[in-house]
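Participant: I have a structure I would like to understand better, so I am pasting it below and will then ask my questions one at a time.
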Amino acid sequence: MTLTNWAGNTTFRARNVHHPTSLDELRRIVARGERVRALGSGHSFNDVADGPGDLVVLDRLPETRAGGVEIDTAAACARVPAGMTYARLATRLDAAGFALANLASLPHISVAGSVATGTHGSGERNQSLSAAVRGLDLVTADGSVVSVKRGDPDFPGMVVALGALGVVTSLTLDLVPAFELRQYVVEDVPADAGLDEVMASGYSVSLFTDWRATRAWVKRRDELERAPWPGTRLADGPRHPVPGMPPGSCTAQLGAPGPWHERLPHFRHDAPPSSAGDELQSEFALPRAFAAQALRELYAAGDRIRPVLQVSEVRAVAADDLWLSPFRGRDSIGVHFTWVKDPAAVLPVIELVEDVLAPFDPRPHWGKLFTRRYPCPDGFRELVGRHDPKGVFGNAFLSLLLGE
């Protein structure tokens with residue numbers, strides 16, 4: 001059986017695909033492997049998880065299958081199996097009266113894979129999903145189990161690590177008290193609407209645009225009685241992020257209050273998204289200070305972007321201190337592109353977008369499509385060399401990143 005990623009644009013080349021049923025079995029696979037990569041939910045759109053050797057999938061580890069989550073109520077944290085999805089995790093946390101501060105737009109993705117690639121949600125005070133990690137356990141190249149925690153010297157380099165340091169088996173995440181949100185869609189947001197004002201209008205805000213017409217998805221703790229900006233209006237029915245697609249797979253809108261995990265994602269945890277992988281994706285994080293000008297440049301290039309675009313999403317993300325995070329050291333605006341599933345037509349437009357954004361110091365989402373080589377911190381190169389000197393966890397993607 002051919003194994004592909006979620007979108008079907010990457011076919012994995014692994015000689016062997018393993019589904020270990022115990023930690024000891026995983027340790028043996030890693031210790032004897034010449035090349036080993038870990039695969040989460042397969043929601044990356046490039047070859048970050050690919051490799052020619054052994055591929056390990058953690059879906060059959062006992063903790064993952066049982067959905068085991070260890071909640072420490074006093075410390076407000078939870079130890080989570082790496083292969084668990086955010087959808088499964090969120091329902092367990094909410095039942096215990098806890099929440100994560102943020103979630104991505106799609107809850108079907110695995111915790112470890114999301115963290116390793118710097119995945120995020122939205123909200124100008126909300127950090128990436130990776131920033132919620134306070135500890136992790138991983139199997140290293142010799143089969144040993146290593147635990148690191150926030151405050152350890154190597155920790156900022158080991159969270160967003162693209163699988164370069166080992167196979168993560170569990171993560172400990174910060175928790176907050178469970179909360180409710182209301183979700184509204186605001187129609188006809190003008191291109192010249194103040195970015196700061198828009199992003200400050202809710203706990204989590206996303207702009208969906210084709211670089212001509214724009215909607216805002218605003219998620220708030222309190223009620224929104226009317227459209228917040230001149231010339232805009234509240235949607236009179238549910239919407240899908242991609243105009244024209246049926247909204248049945250989307251989380252509840254129209255201001256209906258609901259638990260955090262049923263409002264922060266755009267898509268319901270109990271249904272597949274309407275696109276079902278029929279897409280390609282790119283995303284670039286820009287310094288908040290440059291973002292308004294960068295968006296104006298993208299609007300100006302809209303006629304060249306639209307022919308291969310389904311929709312773009314613009315989100316705010318707060319700074320963190322993780323070495324490979326797209327948001328390291330700076331509050332950011334993430335500009336996401338959902339493309340049609342036609343690589344030959346899309347790649348030249350990604351190059352165009354990278355040209356437009358180049359003056360604004362963009363950083364890519366590591367799990368999505370980009371064409372340029374982006375800087376890698378020297379500290380991360382040293383960290384990989386120290387933890388994996390034989391390159392057991394290496395692949396072509398990492399070789400390009402590390403300049404090998």
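Participant: Do any residues in region 305-317 that are assigned to a helix (DSSP H, G or I) have Cβ atoms under 6 Å from those of residues that are among the charged types (D, E, K, R) and surrounded by fewer than 24 Cβ atoms within 10 Å (Cβ to Cβ), where the two are at least six apart or on different chains, and which pairs are they?
Facilitator: Sorted first by the residue in region 305-317, then by its partner, the pairs are 306/210.
Participant: I'd like the residue in region 59-79 that is surrounded by 14 or more Cβ atoms within 10 Å (Cβ to Cβ) and at pLDDT below 95 and, out of all such residues, is nearest to residue 6 (Cα to Cα).
Facilitator: Applying the filter and picking the extreme gives 59.
Participant: So if I check each of 145, 159, 186, which one is under 17 Å from residue 80 (Cα atoms) and crowded, with 24+ Cβ neighbours inside 10 Å?
Facilitator: Details: 145 fails: crowded, with 24+ Cβ neighbours inside 10 Å; 186 fails: under 17 Å from residue 80 (Cα atoms).
Every option except 159 fails the conditions.
Participant: Moving on. Would it be correct to say that residue 19 is touching a helix residue (DSSP H, G or I) at 6+ places or on another chain (Cβ under 8 Å) and either among the aromatic types (Phe, Trp, Tyr) or surrounded by fewer than 20 Cβ atoms within 10 Å (Cβ to Cβ) (or both)?
Facilitator: yes
Participant: Sticking with this structure for a sec: Could you identify the single residue in 7, 49 that is more than 21 Å from residue 391 (Cα to Cα), touching a residue at least 60 places away in the same chain (Cβ under 8 Å), buried (at least 18 other Cβ atoms within 10 Å of the Cβ) and touching a strand residue (DSSP E or B) at 6+ places or on another chain (Cβ under 7 Å)?
Facilitator: 7
Participant: Now a separate question. Of all the residues that make up region 62-87, how many are in contact (Cβ under 8 Å) with a residue 60 or more places away in the chain and out of contact with any strand residue (DSSP E or B) (no Cβ under 9 Å at 6 or more places or on another chain)?
Facilitator: 1
Participant: Same structure, new question: Take residue 82 and decide whether it is surrounded by fewer than 24 Cβ atoms within 10 Å (Cβ to Cβ), within 22 Å of residue 268 (Cα to Cα) and either small (Gly, Ala, Ser) or modelled with pLDDT under 95 (or both).
Facilitator: Values: surrounded by fewer than 24 Cβ atoms within 10 Å (Cβ to Cβ): no; within 22 Å of residue 268 (Cα to Cα): yes; either small (Gly, Ala, Ser) or modelled with pLDDT under 95 (or both): yes.
Against the criterion (surrounded by fewer than 24 Cβ atoms within 10 Å (Cβ to Cβ), within 22 Å of residue 268 (Cα to Cα) and either small (Gly, Ala, Ser) or modelled with pLDDT under 95 (or both)), residue 82 does not qualify.
Participant: Further, regarding this structure: Restricting attention to region 9-62, and to residues there that are assigned to a loop (DSSP other than H, G, I, E, B), touching a Ser or Thr at 6+ places or on another chain (Cβ under 7 Å) and β-branched (Val, Ile, Thr), which single residue is nearest to residue 168 (Cα to Cα)?
Facilitator: Filtering first and then ranking leaves 48.
The values are calculated or read from the model by the stated rules, or taken from the named source; none is laboratory data. Predicted model, so just to flag it, every value in this text is computed and none were measured. Backbone-built Cβ (ideal geometry, glycine too); neighbour counts: all protein chains shown.
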